[in-house]
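Working notes, beginning with the structure itself.
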Amino acid sequence: MDSTQLLLSVILTVTTILMIVVGIQLIFILKDLRITIKKVNAIIEGFEKVGMSVEHGFSEVTGFLHGAKSLLKIVDIIHSKKNGKSKSSSA
């Protein structure tokens, strides 16, 4: 065997071993990335649930305030009619 062939065989073997090691490391990195993405997805879903709860709470508060406003309008109308009757009866 010629020294050039021996050198090429050694370089090819070392390169193959390094590529196998890099491939295995890449598999581990991709598995860790998958786990990390799942965790991030769970966190995002949690924030989405909190956001929907807050939005639902705001809509309930808004509905309550609209109801209170309507109630105050009714009381104001009744009060103005009551004052109108008492003014016309006293005049």
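FYI, it's all coordinate maths here, none of it is from the lab. In this text, all values refer to a predicted model and were calculated from it rather than measured experimentally. Positions of Cβ are backbone-derived with ideal geometry, glycine not excepted, and every protein chain shown enters the neighbour counts.
Data overview
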{"quantity": "Lysine pair count for the chain [Cα-Cα under 22 Å; pairs on different chains or 8 or more apart]", "calculated": "9"}
{"quantity": "Net charge, Thr62 excluded, C-beta distance under 12 Å - Lys, Arg +1, Asp, Glu -1", "calculated": "-1"}
{"quantity": "For the chain, built as a Gaussian network whose Cα springs stay under 10 Å, the top-fluctuating residue of Leu33, Leu71, Leu12", "calculated": "Leu12"}
{"quantity": "Computed [θ] at 222 nm, deg cm²/dmol, the chain (DSSP H ≥ 4; -39,500 (n - 2.57); rounded to nearest 500)", "calculated": "-37000 deg cm²/dmol"}
{"quantity": "Histogram of C-alpha separations across the chain, 5 Å bin width, %", "calculated": "3, 10, 6, 7, 6, 6, 6, 5, 6, 5, 5, 4, 4, 4, 4, 3, 3, 3, 2, 2, 2, 1, 1, 1, 1, 0, 0"}
{"quantity": "C-alpha long axis of helix 3-90 to longest principal axis of the chain, angle in °", "calculated": "0 degrees"}
